[in-house]
Each structure stands twice: as C-alpha cells, then as structure tokens.
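A short worksheet on the structure shown next.
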Amino acid sequence: MLFDMDGTLVDSEKLWDVALQELAKEYGGELSVDARQSIVGTAMAESMRILHDDLGQPERDPEISAAWINARILELFRTGLPWQPGAFELVHAVRAAGIPTALVTSSPRALVEIALDTLGRDNFDTVVAGDEVVAAKPHPEPYLTAARLLGVPIGRCVAIEDSPTGVASAVAAGAAVLAVPAEVALPSTVGVRQVESLTGVDLAFLADLLADRAAA
C-alpha cells in the first residue's frame, strides 16, 4: 500500500498556501490561483520555479526561497495536521491486516518527520521523501523506490494520490491508482479510479481495485 501525504492523508495544503503566499508577499507580489494549483504535488525546486515565474522574478535563487518555505512550513506543521476524511480509518485498517505500507511524498524529510508525529511512525514500513530521490513526481522513481523497499512488485501495489503530479507518477510506475482530489480537480484517466474522499474506502475496495487492474 502506497500513500501520498499532503492532501491525501493530512489536510496540509492549506498550510502550504499560507507559507507560499507569505513568501510571495515578502517578494512584493501575490501568488496567482493558477500558479498555486500548478504547485500542488510538485517537488520544492519546481514549486519555487513556478512561484518565481508567476511573480515575474525568474532570477531569484530557488534554494534561498526553498529554505524560507521550509523554515516557515516547519513552524506551521508543528501547529498540528488534521487527517483527511476517512484517512485515519483506512491507514489503521491496512496496518491491522498486515499489509506492507509506504509513505511516498514530495515533501522533504524534515517535514515528514514532523508529520509522522500525527500519522504514526509505526503505520509505515518505509518512507520515501521528496529530497531522497533523484527524480521527483511526476517521474515514477518515488513509487518504484517505495515498492522496491517494501519488497512488493509495483503491479501488486495500490497508490493513493490527490494531485495530477502524484497520479502521473503512480500510473507511470505501474501501480493501481486511487485518486482522491483535494485542492485540484483531477481529469478522468484510464486505469485510475476516483472517489470524493477516503470515507468508506476499505480493504475490499482496494482488493477490487487491484483485481480491476489485473483484468485490464
């Protein structure tokens, strides 16, 4: 079982909104709605490129901006992270069934460590953070890495995602994909099942998802 984090398990995207808009204001501008939606699910370097371009300041150093965002989001994460509807119940059902489980996120390890205080470190056999892979989502590397670390063929894994970038990564890797749109609407994609929330998603639902993929 492969879980994305931001927007999928925890409602953290609103905290990212705060940090990104504060940085845009620091730079004398305001992040547009389109740019903010484009940032959802991307790695930090790409997020900063989008922000700089949106503000008309492409010359800014992305590492300096990333350091500012990381420091601010660390503060915000420490205020607490609410679970997305149905996520807590699904994670615990998966763990109770003894299913190998990974957290696969674009967030850097420092943020993940704080989020795990909410998510529960024992709920995941392995974690793949955004700064621990060479190629971030939408590249398939994060999900392929997670499956390898779990010792499970990617074709036997279900990935749950909320963003177009994450869905593309999981599809390219070869996982069965369940999409749960949060901040950004997701297009209909062949082989990807969509639900409005994780409420009601259970082990039988996930088994059906794998069976559908195998039959396709």
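Below are the figures for this structure:
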{"quantity": "Highest average packing first - 75-83, 108-116, 170-178, 56-64, Cβ atoms within 10 Å", "calculated": "170-178, 108-116, 75-83, 56-64"}
{"quantity": "Summed residue charge, Cβ within 11 Å of ALA129's Cβ, Lys/Arg positive, Asp/Glu negative", "calculated": "-2"}
{"quantity": "Portion, in percent, of the accessible area of the chain that falls on carbon or sulfur, probe 1.4 Å", "calculated": "55"}
{"quantity": "Charge sum, other residues only, whose C-beta stays under 11 Å from VAL33's C-beta, Lys/Arg counted +1 and Asp/Glu -1", "calculated": "-4"}
{"quantity": "1.4 Å probe accessible area per residue over the range 1-149, in Å²", "calculated": "44"}
{"quantity": "Segment ALA215-GLU26, extension gain: residue separation times 0.36 nm, minus the distance between their alpha carbons", "calculated": "62.8 nm"}
{"quantity": "For the chain, projected area of the alpha-carbon convex hull averaged over all directions, nm²", "calculated": "11.0"}
{"quantity": "log10 of Debye I(q)/I(0), alpha-carbon scatterers only, for the range 68-161 at 0.10, 0.24 Å⁻¹", "calculated": "-0.28, -1.39"}
{"quantity": "Separation between Cα centres of the range 46-76 and the range 161-211, rounded to whole Å", "calculated": "29"}
{"quantity": "Debye log10 I(q)/I(0) at q = 0.21, 0.23, 0.31 Å⁻¹ for the range 64-106, Cα point scatterers", "calculated": "-0.83, -0.88, -1.05"}
{"quantity": "In order through the range 118-123: 3J(HN,Hα) via Karplus (6.51 cos²θ - 1.76 cosθ + 1.60), integer Hz, x for Gly, Pro", "calculated": "8, 6, x, 5, 6, 7"}
{"quantity": "Per residue, the convex hull volume that the Cα atoms of the range 139-216 enclose (Å³)", "calculated": "87"}
{"quantity": "Estimated distance in nm for a label pair at ASN70 and ARG121, the labels positioned 7 Å out from Cα along Cα-to-Cβ", "calculated": "2.0"}
{"quantity": "Antiparallel %, DSSP beta bridges [both residues in the chain], to 5", "calculated": "5"}
{"quantity": "PHE205, PHE3, PHE88, reordered so the largest accessible area comes first (probe 1.4 Å)", "calculated": "PHE88, PHE205, PHE3"}
{"quantity": "Gain in span if fully extended, VAL134 to GLN37, counting 0.36 nm per residue against the direct Cα distance", "calculated": "32.6 nm"}
{"quantity": "Nearest-0.05 FRET efficiency for ALA207 and ALA110, computed from C-beta distance (R0 35 Å)", "calculated": "0.50"}
{"quantity": "13 Å beta-carbon shell around ALA115, net charge (K/R +1, D/E -1)", "calculated": "-3"}
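The values are calculated or read from the model by the stated rules, or taken from the named source; none is laboratory data. Note that the coordinates shown come from a computational prediction; the quantities given were computed from them, not determined experimentally. Quick reminder, even Gly has a Cβ in these numbers, built from the backbone with ideal geometry, and neighbours come from all protein chains shown. The accessibility values were calculated without ligands, DNA or RNA, using every heavy atom of the protein model including side chains. Shrake-Rupley method; radii C 1.70, N 1.55, O 1.52, S 1.80 Å.
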